[in-house]
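Report on the following structure.
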Amino acid sequence: MNAPLANYIGGKLIDSPSLDRLPVLNPSTGRVISEMPVSKSDAVDEAVAAARKAQVSWGRRPAIQRANLLRAISARIRERGEPIARLISEEQGKLLGLAKVEVAFAADYLDYMAEWARRIEGEIIESDRPGENIFLFRKPVGVVGAILPWNFPFFLIVRKLGPALVTGNSIVIKPSEETPLNAAAFVQLLDGLDIPEGLINFVYGTGACVGEAICAHPHVDLISFTGSAATGSRIMATAARNITKVNLELGGKAPAIVLKDADLDKAAKAVAASRCLNSGQVCNAAERVYVERPVAEDFAARVTAEMKRMRVGDPLGASEIDMGPMINRSGVEKVDELVRSALDSGATVTTGGKGRSDEGTYYEPTVLTGCRQDMDVMRKEIFGPVLPIMSVDSLEEAIDLANDTEYGLTSSIYTESLSAALKASRELGFGETYINRENFEAMQGFHAGNRKSGIGGADGKHGLYEYTSTHVVYMQT
Ligand code: NAD
């Protein structure tokens, strides 16, 4: 069993033996691997006060000095990443190979954000008045409250911390209840680095208490949240009390459009791999397929064969596998409910269709054909290894159906026709479109969703500037 966790506030680990503890489970075995303190709102108050104090001098440092800290952390991640990857696999259930990619990507991401130090730019704007200069400064927002999900828990720490720190903010981070251990490992990496006390803080606890306390805090200046749309909506309501700025990266219902001229083999492999990546628990994985009727049967057969080939098991077990467990029992139950309801409404299962939550929480790679737009499985986020397929008669119909959703994060299209790809790019109402491939996004892009998929975004220049505020100065000479 791993050592119990302690909050990290004001540069110190705070042991609070009187707090209740929540078990941390290994989703592939169901065994308890650690305990997480269930902090109260006073821990958030302390962390925000420490962060507020630290931010003042941090924000005044040259950005290049702030970037040096990101580089020091990325170097530590590279030196000590291997056990962290194992920990992510153990508490979250992702394949060890994918966990290693997550850790390596986190180090690269910090280096990338550090490079922005010399590129953060203000503006000089032409004035209407004689002799006047108008300067637009970019400044830190202040204290960032970062609330994390469990699916890429380690990467999401740096996706928020990197841009926050390089632009001069301090940060209070709340990891997910499901995956707190990698956050504790991140804190260990900081040991001995020259970090102002209170610049980086971690508070463990529930969303209802610690998450709410961060969102309601009058001295938190930006809430940077990644998680479900339902929680995003609650966070906005809480943030509204103090008119606190929010940056929300929420769920998706990514459509994959497969046209009759597509390379079907490539499409089937990409869609199946995306659907089983991290057991289907990726916000931009293909969640529904619209395939042109003449190739629908062929595509479904190919994708079914790909899904049947997936070997499912314990990511840290002896045998080689392609997919691990789902995060928890309620994830399995939600997926199973969507599958049952689709079957009751006339869909056909060509492979899979069953889950289990005894010693570990697993769901079989599943393909559903004969789906219709009115089925829940085509409308709600599945967040599991289940692929519903619907046949369509044209690109126009596919685009209309793809856009008929309350989400708007990512989308994809498979075609050899440039004009079809460009038409889809123009008309799909999503923050991202992948042509002839599925996820992932690039750190220099901009990951942002429309509608209930969020507000604002992450990555690249536009993601960086989410962590700044503007200050316009009028100088009369
Ligand atoms: P979740 O919304 O259940 O929880 C996310 C975090 O919010 C947790 O730390 C939780 O404790 C906290 N929380 C819960 N209630 C809260 C409240 N009232 N106030 C403040 N905080 C609260 O999401 P999850 O199950 O951890 O993650 C899965 C979801 O995340 C999926 O919908 C997925 O699509 C989405 N996601 C989106 C992206 C993206 O970039 N858009 C990336 C990863 C995951």
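The values are calculated or read from the model by the stated rules, or taken from the named source; none is laboratory data. Being a predicted model, the structure only gives us computed values, none of them experimental. Heads up, the Cβs are rebuilt from the backbone with ideal geometry, glycines too, and the neighbour counts pull from every protein chain shown. Accessible surface areas use protein heavy atoms only, side chains included; no ligands, DNA or RNA. Shrake-Rupley method; radii C 1.70, N 1.55, O 1.52, S 1.80 Å.
Could you work out the local net charge near Ser274, counting Lys and Arg as +1, Asp and Glu as -1, over the other residues with Cβ closer than 10 Å to its Cβ? Computed value for this residue: +1.
Of the GluC sites (Glu not before Pro) found in region 161-248, those in coil by DSSP whose Cβ has at most 16 other Cβ atoms within 10 Å are Glu197. Only Lys, Arg, Asp and Glu carry charge here, each on its Cβ (+1 for the first two, -1 for the last two); on that basis the chain has a dipole of about 900 debye about its Cα centre.
A Förster radius of 45 Å, combined with the Cβ-Cβ distance separating Asp194 from Asp128, puts the computed FRET efficiency at roughly 0.45. Which shape class applies to region 157-219: rounded if a/c is under 1.5, otherwise prolate when a/b exceeds b/c and oblate if not, where a ≥ b ≥ c are the square roots of the Cα gyration tensor eigenvalues? It comes out oblate by the Cα gyration axes. Looking at the square roots a ≥ b ≥ c of the eigenvalues of the Cα gyration tensor of the chain, which shape do they give, rounded for a/c under 1.5, prolate if a/b is larger than b/c, or oblate? Here the chain falls in the oblate category. Given a 1.4 angstrom probe, I'd like the percentage of the accessible area of region 350-477 that is carbon and sulfur, rounded to a whole number. So the carbon and sulfur contribution to the accessible surface is 51 percent. Around the amide H of Gly142, modelled in the peptide plane, lie the amide H atoms of Ser170, all under 5 Å away and 5 or more residues distant in sequence or on another chain.
Applying both filters, DSSP loop and at most 14 other Cβ atoms within 10 Å, to the GluC sites (Glu not before Pro) of region 388-470 gives Glu406, Glu416. For region 9-25, the Karplus equation 6.51 cos²θ - 1.76 cosθ + 1.60, evaluated at θ = phi - 60°, returns couplings of 10, x, x, 10, 7, 10, 7, 10, x, 7, 6, 5, 10, 10, x, 9, 9 Hz by residue, with Gly and Pro reported as x.
Aspartates and glutamates within cross-link reach of Lys40: Cα-Cα under 18 Å, excluding same-chain residues under 8 positions apart? Partners within reach: Asp15, Asp20, Glu177, Glu178, Glu212. Note on Asp20 and Ile120: with the Förster distance fixed at 41 Å, the Cβ-Cβ geometry gives a FRET efficiency of about 0.45.
Simple spin-label estimate for Ser228 and Asn403 gives 2.9 nm between the two label positions (7 Å along the Cα-to-Cβ direction from each Cα). From the residues Pro196, Pro294, Ser319, which one has its Cα farthest along the dipole of the chain in the positive direction, the dipole being from +1 and -1 charges on Cβ of Lys/Arg and Asp/Glu about the Cα centre? So the residue we want is Pro196. Summed over the residues of the chain and divided among them, the accessible surface reaches 41 Å² per residue at a probe radius of 1.4 Å. Multiplying the residue separation of Ser57 and Ser345 by 0.36 nm and removing their Cα-Cα distance gives an extension gain of 97.6 nm.
With a simple spin-label model that places each label point 7 Å from the Cα along the Cα-to-Cβ direction, the separation between Gln476 and Asp265 comes to 7.4 nm. Take the Cα of Glu297, go 7 Å toward its beta carbon, and the backbone nitrogen atoms of region 387-405 under 18 Å from that spot belong to 389-393. Charging the Cβ of each Asp and Glu at -1 and of each Lys and Arg at +1, and nothing else, the dipole of region 254-440 about its Cα centre rounds to 280 debye. Look at the dipole of region 1-104 built from charges on Cβ: of Ser41, Val101, Ala67, the Cα furthest out on the positive end belongs to Ala67. Maximal additional length on extending the Ile64-Arg372 stretch stands at 105.5 nm, based on 0.36 nm per residue less the C-alpha distance. Please list, or write none, the lysines whose alpha carbon is within less than 16 Å of the alpha carbon of Lys354, excluding same-chain residues fewer than 8 places away. Lys354 reaches Lys308, Lys334. Over the residues of the chain, the helix contribution to mean residue ellipticity at 222 nm works out to -12500 deg cm²/dmol, using -39500 (n - 2.57) for each DSSP H run of at least 4. Of all aspartates and glutamates in the structure, those lying under 14 Å Cα to Cα from Lys139, and not within fewer than 8 positions of it along the same chain, are Glu121, Glu123, Asp221, Glu466.
Taking all Cα pairs closer than 8 Å and separated by 6 or more residues, the relative contact order of region 261-362 comes to 24 percent.
Between the amide H of Ile173 and those of Ala146, Asn201, Phe202, Val203, distances stay under 5 Å, these residues lying 5 or more places away or on another chain, with hydrogens modeled in the peptide plane. Taking every C-alpha pair closer than 8 Å and separated by at least 6 residues, the mean separation divided by the residue count of region 254-440 gives a relative contact order of 29 percent.
Approximating the spin labels as points 7 Å out from Cα along Cα→Cβ, the Arg80-to-Lys354 distance works out to 4.5 nm. With the cut-off at under 20 Å, measuring from each backbone N in region 282-309 to a point 7 Å along the Cα-to-Cβ line of Glu396 picks out 290-295.
For region 254-440, the square roots a ≥ b ≥ c of the C-alpha gyration tensor eigenvalues yield an a/c of 1.5 or more together with a/b exceeding b/c, which makes the shape prolate.
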